[in-house]
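Structure first, commentary second.
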Ligand SMILES: Nc1ncnc2c1ncn2[C@@H]1O[C@H](COP(=O)(O)OP(=O)(O)OP(=O)(O)O)[C@@H](O)[C@H]1O
Ligand SMILES: [Mg+2]
């Protein structure tokens, strides 16, 4: 476990309740700069809820989330400002259908005035070039395959130059033949030193890319370890049970 | 938005501002001009000829105003509506053959009597009667809120008639008499005029009615104007001007083709009489639309209909979008709790009550003491009505945009307002365009009740023509065709817009 980087994100006692259903029952986690963390666990265990609590798409019921030294749940915090530094990629891509690929990437930097139109367009083209989709810059998302759309969604988040990237099952909505292209982009990103948390069902990917894997079960982190240990020598009985089903 | 689109939006806004400005400026309110309201379907007292207000009432008012040294501006309103707008000061004088009654005198001030009449029966020649008893089992028909209406009700209560049908203007009443064989209860002079205009009608002077006294009406507190009017009425009686006006109309047999005593050169157009099918068709067309420039009622009415529809649509869109934003923002963020409640109440009340009532309430209650032009008030009323429907349409359009769109925006650091403007609304608009098209079409058609607050819209315009020709079908057909044509143009424009948006992505 490379724990040398500074702590970018510190989670303490995070709880989340929907109605009388307690989904997260107290999660503690330190995410270090440059670290790649995979999150696995059975469906409905709260992986998405956990991830979405980190950028306040879900409001934690209890506990604290400190990002780059700032408590995100504090009423004094300008969450919009923090979110610029926390990129997020969704299972269902969520590209803006009424904007071209290039406009999708430019929208946030331009409306938030962190870049001029020209800068944002140049940035978009550079990112699209990197993923080999520059030729699609003027197309609408509906003209792209699922894999292409998800790659555009990833670089759209990257355009804001985030310090951390959150992925919520980025390949689950894809046809099998498109999973590879998206995973390899995420892998490249990981290798470039980006800090990221990836909720995934792709165990092979988690094993290959992560510095650390978290197994969430019943609202807590039931086990966490480097991938070789977690997959090779699982301690938790539920984790063994889970792995036997998915592997 | 593209620059071109901004320019289009700018042009539309500018046009609306100009229209609103023109309306406000055109409402003339200087102290030296009397606003006189009349229901010009009451020949020989009040009617229109080539766009001019004509009749005994009108000319006596002119003579009085002349004596007082002031100008007059005549305005059209429904007979029963004048009894509301004069007390509110929306008009200075009501001149529409108002019979003095204790009941009316409770709410308005009456001038001295300027004419005397008696209620008679008008019916089709084939349905002639010789005595009141023969009315038993017959249907009476009257214009709403007239003394004929009161008389007919009394007779009906005593069992002297089978039923009383109440219509809003004399053209409808005459139509009913001719087509349904009913018996109209009406003032004797009006009766004479109706018979002059239609040879199938006849007067049966069989009622035991009392002599009625006509007076001009004023607001209760306007005794000053009323006294001046009485003084001038006395003056023109002494000068003989008064008698000359009466004699003049009598000499013309109270025909609806008689021009104003003060504008006798403005002779009515000759009747035409061609034969054969095409000849008859031409005559009908000529009579309804060409003779005495009657097409002007249609042009003027159409102009008002379009102004009201456009202003109301703009108000409705703005208001609807605003309400939808407040409600959606509340749904998403929980903010604006009170505003949200207000908006919810607004849409519930407006969508739960008839637009007709809303129009009357806004005109006679909310804008009761306002002197704003009634076209503007109608636009506001229809805009407020439309806004409630637009709000629901926009809201459902916003709700139809997947939640992930807002989340994607928020995760990039955009505020919910920014996300709304740049991402949610543009997609919502495509969802709601068909429903907005429908809303603008029904809005256009709903403006046809504007006549109830004294506006001459297209529907009221053809009503006035009917009041002069006593021929229902042609004006109604033409009005229908015009509405239909506008609706088809609107539907075409919206479908093109829809196609353009659908092609876009
Ligand atoms: N907005 C919400 N309101 C009520 N319950 C919710 C809400 N969001 C999630 N839940 C519930 O919380 C639990 C955890 O949901 P979550 O989406 O975090 O699970 P997950 O681990 O991501 O599952 P999956 O693998 O299926 O994506 C589920 O039981 C879900 O039904
Ligand atoms: Mg999930």
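The values are calculated or read from the model by the stated rules, or taken from the named source; none is laboratory data. Quick caveat, the model's predicted, so the values are computed rather than measured. A quick note on method: Cβ atoms are made from the backbone with ideal geometry, for glycine too, and the neighbour counts reach across all protein chains shown.
Residues that are at the interface with another protein chain (Cβ under 7 Å from one of its Cβ atoms) and more than 12 Å from residue A:160 (Cβ to Cβ) were ranked within the stretch B:409-418; the one that is farthest from the chain's Cα centre (by Cα) is B:410.
The one condition from (1) on the phi < 0 side of the Ramachandran plot; (2) touching a strand residue (DSSP E or B) at 6+ places or on another chain (Cβ under 6 Å) that residue B:89 does not meet is (1). Scanning the stretch A:15-41 for residues that are closer than 11 Å to residue A:219 by Cα and within 16 Å of ligand 2 (Cβ to nearest atom) turns up A:16, A:21, A:23, A:24, A:27, A:41.
Counting only strands (runs of 3 or more DSSP E) wholly contained in the stretch A:144-242, the ones carrying 3 or more residues that are closer than 19 Å to residue A:86 by Cα occupy A:164-168, A:195-199.
Does residue A:96 qualify as being at pLDDT 95 or above, within 16 Å of ligand 1 (Cβ to nearest atom) and closer than 18 Å to residue B:413 by Cα? It is false that residue A:96 is at pLDDT 95 or above, within 16 Å of ligand 1 (Cβ to nearest atom) and closer than 18 Å to residue B:413 by Cα.
Helices (runs of 4 or more DSSP H) fully within the stretch B:124-209 that include at least 1 residues being farther than 26 Å from residue B:451 by Cβ and not assigned by TED's automatic domain parsing to the domain that holds residue B:39: B:147-157, B:188-197. Could you tell me how many of the residues in the stretch A:207-225 are within 16 Å of ligand 2 (Cβ to nearest atom) and touching a helix residue (DSSP H, G or I) at 6+ places or on another chain (Cβ under 6 Å)? The number of residues fulfilling the criteria is 3. Residue under question is residue B:109, and the condition is that it be at pLDDT 90 or above, under 18 Å from residue B:38 (Cβ atoms) and assigned to a strand (DSSP E or B); does it hold? Yes. The set of residues in the stretch B:419-433 that are without any contact (Cβ under 8 Å) to a residue 24 or more places away in the chain and within 7 Å of chain A (Cβ to nearest Cβ) comprises B:422, B:423, B:426. Among the residues of the stretch A:152-176, how many are more than 9 Å from chain B (Cβ to nearest Cβ) and within 16 Å of ligand 1 (Cβ to nearest atom)? Summing the residues that are more than 9 Å from chain B (Cβ to nearest Cβ) and within 16 Å of ligand 1 (Cβ to nearest atom) in the stretch A:152-176 gives 8.
Residue by residue, here is whether (1) modelled with pLDDT of 85 or more; (2) buried (at least 20 other Cβ atoms within 10 Å of the Cβ) holds:
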position	(1), (2)
B:451	yes, yes
B:457	yes, yes
B:461	yes, yes
B:467	no, yes
B:478	yes, no
B:484	yes, no
B:492	yes, no
B:497	yes, no
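Residues in the stretch A:10-59 that are more than 12 Å from ligand 1 (Cβ to nearest atom), more than 24 Å from residue A:202 (Cα to Cα), away from chain B (no Cβ under 14 Å) and buried (at least 18 other Cβ atoms within 10 Å of the Cβ): A:11, A:14.
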